[in-house]
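The values are calculated or read from the model by the stated rules, or taken from the named source; none is laboratory data. Fair warning: this is a prediction, and the values are worked out from it, not measured in the lab. Don't worry about glycine lacking a Cβ; one is built from the backbone with ideal geometry, like all the others, and counts go over all protein chains shown. Please note that ligands, DNA and RNA were not included when accessible areas were found on the heavy atoms of the full protein model with its side chains. Shrake-Rupley method; radii C 1.70, N 1.55, O 1.52, S 1.80 Å.
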Amino acid sequence: MAILILIGIVPGIIASFVIVQSYKNRAVALRTMNVKNQCDMLGTSIALNHSLTQADTSLLDSELAILSNVYNGRLLIVGPDFRIVKDTYDLDIGKVSMSKEVISCFEEGSGTTYFDSRNNYIEVTAPISEAGSKEIQGVLVASVSTNEIAQTVHHLESQGLLIAIAVSLFVLVIGYFFSLLLVRPFKRVTRAIEDVTDGYENEAISVPDYTETEQITDAFNQMLKRVRTLDNSRQEFVSNVSHELKTPLTSMKVLADSLNGQDNVPIEIYREFMGDITVEIDRENKIIQDLLSMVRMNHKSAKMNLEKTEIGELLESVIKRLKPIASKRNIELIMDSHKPVTAEVDPTKLSLAFSNLIENGIKYNIDNGWVRIGLRSDHKYFYVTVADCGLGIPEDQQGQIFERFYRGDKSHSTEIEGTGLGLAITRDAVMMHHGSIRVESKVKEGTTFTVQIPLMDAGSREAVK
Ligand SMILES: Nc1ncnc2c1ncn2[C@@H]1O[C@H](COP(=O)(O)OP(=O)(O)O)[C@@H](O)[C@H]1O
Ligand SMILES: [Mg+2]
């Protein structure tokens, strides 16, 4: 508000000041010129008529009196000895007047003008001499009051101030209404956002009044969409997790209940049921383990413990760990690597990633099959391939297998144990290394996963954390 007032009033005041000043200057200049012309004319006429040297000065007196009346001022005539010979006020006759103007007028032979703005008067001098003649008989001095001009100026100034105030009030009111008008759509945006924040259920907001509001609401809607997607996937994840955790528990409960419900259960049945319960406990354990590794991988503070690692050795140790499972079904694990590859990676996370891939290669394989693990590198990346000769993945499922809890074809997922988290964990681990993962597969022929990871990427990896 204060700024609006300033914006309105300051230019108004400056404008009125400038106008009044220029009026004043012009009025004074006009008056000065008039008086000077009259004095020059009178000076010449006095000289021509030799009025000063004549005995009868009544004509001269009346001429002086008229001029003095017309301009409401005082006229003096100073003689060559600087004595005042005529004074329309009759105050200083006979006194010596040695003002700078009078002296200059005697010496130069031309009149002077002077404006005293403090005391509001103009002083004009004019030589009394015949036109063209050097002989100066005296100097005519006229002091004319400019009170009238000063009064007009004062009047104008106060009126200018009034106008400035009126204009600034007008500007203020108009500005206020305009700002209300301008701000209204933004208020609407705020209200719409608040509505969404309160209700959360509302649809996308829309305030298309200005391009700016449209941009803001578009950006907000985009954010809203992302938040909703995140919220949905979180809810879906929680419900999936609960479901997965409940399944083994339900089985255990059924097994335990049926044992409890019977008297004198034979020890063999007991053993069998207890064995089944142990299997369910293992399953529950595996799910929890997978969940924990996934949460650890996804956690914001998940640290990358980068180490210079021999990738070949890392793969060998993973293979060694999985050998017993593979040999149960007589599946051969073959490592193809031609030269050592060293890279800066987090060995724990990568081991888990490759272990999941190789484990899948074993699980979804045929008896007496094989899994080939390949390692190669170029100047920027290293590539690990895990290929099997197993069941393969139908093309329409290949896009989903990396999703959490996704398990392939129900036909084999019931026989082959799993949590559906393995590939999700693998993908997360690879992503954290700024790598990529690809799958190629043909049903009943086999599957090949290819992982590509930069050998060195320390700088950008830091930034991602
Ligand atoms: N090597 C593979 N051969 C055939 N199918 C596979 C292979 N790897 C993964 N799949 C399919 O992808 C799904 C998801 O795999 P994964 O995330 O490891 O979960 P899980 O192994 O616990 O089922 C599996 O259920 C399976 O259908
Ligand atoms: Mg798996």
- Query: By the scheme Lys and Arg +1, Asp and Glu -1, what is the net charge of all other residues having a beta-carbon under 14 Å from that of Ile334?
  - Reply: -1
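Cβ under 13 Å from Gly94's Cβ, Gly94 left aside: what net charge do those residues give with Lys, Arg +1 and Asp, Glu -1? Don't skip to the end; give the middle numbers.
Values: positive: Arg83, Lys86, Lys95; negative: Asp81, Asp87, Asp90, Asp92.
Combined, the nearby Lys, Arg, Asp and Glu give -1.
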- Item | Amide H contacts under 5 Å for Ile331, placed H, 5+ residues apart | Asn368
- Query: For segment 303-464, what is the accessible area per residue in Å² when the probe is 1.4 Å?
  - Reply: 51
- Query: Short version: ³J(HN,Hα) in whole Hz for each residue of segment 48-54, in order, from phi by Karplus 6.51 cos²θ - 1.76 cosθ + 1.60 (θ = phi - 60°), x for Gly and Pro, what are they?
  - Reply: 4, 8, 6, 4, 5, 8, 6
- Tally Lys/Arg at +1 and Asp/Glu at -1 over every other residue whose Cβ is under 9 Å from the Cβ of Pro185; what's the total? +1
- Note on the structure: Links exceeding 24 Å between C-alpha atoms in this model, out of Lys36/Lys86; Lys363/Lys442; Lys286/Lys339, come to Lys286/Lys339
- Task: Take every Cα pair under 8 Å in segment 303-464 that's 6+ residues apart, average their separations, divide by the length, and report that relative contact order as a whole percent.
- Result: 24
- Item | Under 5 Å, built H, 5+ apart or other chain: amide partners of Ser377 | Tyr383
- Query: Under a point-charge model restricted to the Cβ atoms of Lys and Arg (+1) and Asp and Glu (-1), what is the dipole moment magnitude of the chain relative to its Cα centre, in debye to the nearest 20?
  - Reply: 920
- Task: Please list the non-local residues whose amide H lies under 5 Å from the amide H of Ile128, H modeled 1.01 Å from N, same-chain partners needing a gap of 5 or more.
- Result: Gln137, Gly138, Val139, Leu140
- Query: Taking Cα centroids, how far is segment 264-310 from segment 148-194 in Å?
  - Reply: 75
- Query: So how far, in whole Å, is the C-alpha centre of segment 202-233 from the one of segment 354-433?
  - Reply: 38
- Note on the structure: A 1.4 Å probe over the protein heavy atoms gives segment 303-464 a carbon and sulfur accessible-area percentage of 51
- Query: Applying the Karplus parametrisation 6.51 cos²θ - 1.76 cosθ + 1.60 with θ = phi - 60° to the phi angles of segment 133-140, what ³J(HN,Hα) value in whole Hz is obtained for each residue in order, glycine and proline being reported as x?
  - Reply: 8, 8, 6, 10, 7, x, 10, 8
- Task: Compute the accessible area per residue over segment 49-121, keeping the other protein chains in place, probe 1.4 Å, unit Å².
- Result: 62
- Which peptide among 272-281, 368-377, 120-129, 105-114 comes first, and what is the full order, when sorted by highest mean count of other Cβ atoms within 10 Å? 120-129, 368-377, 105-114, 272-281
- Note on the structure: Taking Cα atoms only, helix 58-70 is inclined relative to the longest principal axis of the chain by an angle, in degrees rounded to 10, of 20
- aspartates and glutamates within cross-link reach of Lys100: Cα-Cα under 19 Å, excluding same-chain residues under 8 positions apart? Asp40, Asp81, Asp87, Asp92, Glu108, Asp116, Glu123
- Item | segment 2-154, accessible surface, carbon-and-sulfur percent (1.4 angstrom probe) | 57
- Note on the structure: Counting only protein heavy atoms and rolling a 1.4 Å probe, one gets per residue an accessible area for segment 211-295 in Å² of 70
- Note on the structure: Taking Cα atoms, the helix 422-432 axis meets the longest principal axis of the chain at an angle in degrees (rounded to 10) of 40
- Can you work out ³J(HN,Hα) from phi for every residue in segment 122-130, in order, using Karplus 6.51 cos²θ - 1.76 cosθ + 1.60 and θ = phi - 60°, giving whole Hz and x for Gly and Pro? 10, 10, 10, 10, 9, x, 9, 7, 6
- State the antiparallel share, in %, of DSSP beta bridges confined to the chain, rounding to the nearest 5. 90
